[in-house]
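Novice: Pasting a structure here, questions to come.
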Amino acid sequence: MTAAEFFEARGKPHEARRISEAEAESAVGHVPEELRRFWMQHGVGYYANRNYRLCTPALFEGFFRQVLANVPD
């Protein structure tokens, strides 16, 4: 789905913010490049009247670190 198709289906973002260069770099190899570029160009935030929220993996980093702290390799 292209960004234009996404916006047509879900509308423009609300409370969106573009990700920083550091966030963009930390996502390399972890998410598809097209998604990373979308975040950089259009931002993360709420879409479709808050039915969808786009976020970066960094939002959950602390949570997953805590949850997975005692999981053996």
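The values are calculated or read from the model by the stated rules, or taken from the named source; none is laboratory data. Just so it is clear, the model here is predicted, and its values are computed rather than measured. Every residue, glycine as well, gets a Cβ built from its backbone with ideal geometry; the counts of neighbours run over all protein chains shown.
Rundown of residues vs (1) small (Gly, Ala, Ser); (2) modelled with pLDDT of 90 or more; (3) out of contact with any Ser or Thr (no Cβ under 7 Å at 6 or more places or on another chain), yes/no style:
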position	(1), (2), (3)
Lys12	no, no, yes
Glu21	no, yes, yes
Glu25	no, yes, yes
Gly29	yes, yes, yes
Arg36	no, yes, yes
Met40	no, yes, yes
Gly43	yes, no, yes
Asn49	no, no, yes
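Novice: Which residues, counting only those in the range 39-58, are of a type in the set (A, V, I, L, M), without any contact (Cβ under 8 Å) to a residue 40 or more places away in the chain and either surrounded by fewer than 12 Cβ atoms within 10 Å (Cβ to Cβ) or under 16 Å from Gly11 (Cα atoms) (or both)? Before you say what the answer is, go through the steps one by one.
Specialist: Taking the range 39-58 as the starting set, the residues that turn out to be of a type in the set (A, V, I, L, M) are 40, 44, 48, 54, 58.
Next, from what is left, pick out any that are without any contact (Cβ under 8 Å) to a residue 40 or more places away in the chain: 40, 44, 48, 58.
Of everything in the range 39-58, those that are of a type in the set (A, V, I, L, M), without any contact (Cβ under 8 Å) to a residue 40 or more places away in the chain and either surrounded by fewer than 12 Cβ atoms within 10 Å (Cβ to Cβ) or under 16 Å from Gly11 (Cα atoms) (or both) turn out to be Val44, Ala48.
Novice: Arg65 - would you say it is without any contact (Cβ under 8 Å) to a residue 24 or more places away in the chain and surrounded by 11 or more Cβ atoms within 10 Å (Cβ to Cβ)?
Specialist: The answer is no for Arg65.
Novice: Take the range 1-21 and flag every residue that is more than 10 Å from Tyr47 (Cα to Cα) and either among the acidic types (Asp, Glu) or in a loop (DSSP other than H, G, I, E, B) (or both).
Specialist: Residues satisfying the conditions are Met1, Thr2, Glu5, Glu8, Arg18, Ile19, Ser20, Glu21.
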